[in-house]
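The values are calculated or read from the model by the stated rules, or taken from the named source; none is laboratory data. All values derive from a computational prediction rather than experimental measurement. FYI the Cβ positions are ideal-geometry reconstructions off the backbone, even for glycines, and counts take in every protein chain you see.
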Amino acid sequence: MTERSVTHNTFRIERTYGASSARVFEAFADKEAKERWFAGPPEWGPSEHEMDFRVGGREIDRGGPPGGPTHMMDGRYHEIVPDERIVFTYDMFVDDVQLSVSLTTIEMKSQGSGTQLVFTEQGVYFDGHEDPALREEGTNGLLDALGAALERANATT
C-alpha cells in the first residue's frame, strides 16, 4: 500500500522580457503562440494540446516519451486581466497517477519597452510522486523557452 503524504510548496520566478506586456500576454493567451514555447523535451515529440482561454475555460496538454508514460496537465482559468494577470489552477498526472494540484498567478508589468513577469505557483504534491524542486526547475525551463520565442518574434518583426 502507498503511504499517503502531502507536501506544500510555493515558488516565485521573476523574468524581464524585451517585449511589450501585450506580446507576453499573447504568448500565454493564443494557442498557436503558446505552442511555440510550451512543450516537453524535444525527444517527446508533439503533444496533444487543447486550449479555451477565457475565465472558466480549460487547457489540457498531454504528451510524453514514445511508449509512455503519458504526462498530462489539466488546467482551468479563474481570472484573466489582459496584458496584466492570469490566474489558473492545474492538476498534473503521469498516466492515471495524480501528482499535484497548483494555483498559479502570472503578473505582467510594463518596464520601458519590456515586461517584468512574476510567476508564482502554490502547489500541493501528493504521496511523494514528484519533487517540488523539479517542478520549479521545469517552470524555469519553460520561461526560458518563452523568452527565446519572444526573441525570435522580435527578430522577425
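Specify which of the listed residues (R58, R54) is basic (K, R), at pLDDT 95 or above, exposed (fewer than 15 other Cβ atoms within 10 Å of the Cβ) and out of contact with any helix residue (DSSP H, G or I) (no Cβ under 6 Å at 6 or more places or on another chain). Before you say what the answer is, go through the steps one by one.
On the way: R58 fails: exposed (fewer than 15 other Cβ atoms within 10 Å of the Cβ).
Only one candidate passes the filter, namely R54.
State which residue is surrounded by the most Cβ atoms within 10 Å (Cβ to Cβ) when the search covers only segment 124-137 and only residues that are touching a residue at least 24 places away in the same chain (Cβ under 8 Å) and either in a strand (DSSP E or B) or out of contact with any strand residue (DSSP E or B) (no Cβ under 9 Å at 6 or more places or on another chain) (or both). Within segment 124-137, the match that is surrounded by the most Cβ atoms within 10 Å (Cβ to Cβ) is Y125. Inside segment 35-56, residues that are farther than 23 Å from P69 by Cβ, free of Cβ contacts under 8 Å to residues at least 40 places away in the same chain and charged (D, E, K, R) make up a count of 2. Cβ-Cβ distances below 6 Å connect the following pairs, each with a first residue in segment 138-157 that is under 17 Å from G114 (Cα atoms), a second residue that is surrounded by 14 or more Cβ atoms within 10 Å (Cβ to Cβ) and among the charged types (D, E, K, R), and a separation of six or more residues or different chains: L143/R15; A149/R36.
Matching residues to (1) over 22 Å from R23 (Cα atoms); (2) small (G, A, S); (3) surrounded by fewer than 15 Cβ atoms within 10 Å (Cβ to Cβ):
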residue	(1), (2), (3)
D83	no, no, no
V94	yes, no, no
Q111	no, no, yes
V118	no, no, yes
Q122	yes, no, no
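What number of residues in segment 1-46 are surrounded by 14 or more Cβ atoms within 10 Å (Cβ to Cβ), within 23 Å of V101 (Cα to Cα) and more than 14 Å from the chain's Cα centre (by Cα)? Adding up the residues that qualify gives 2.
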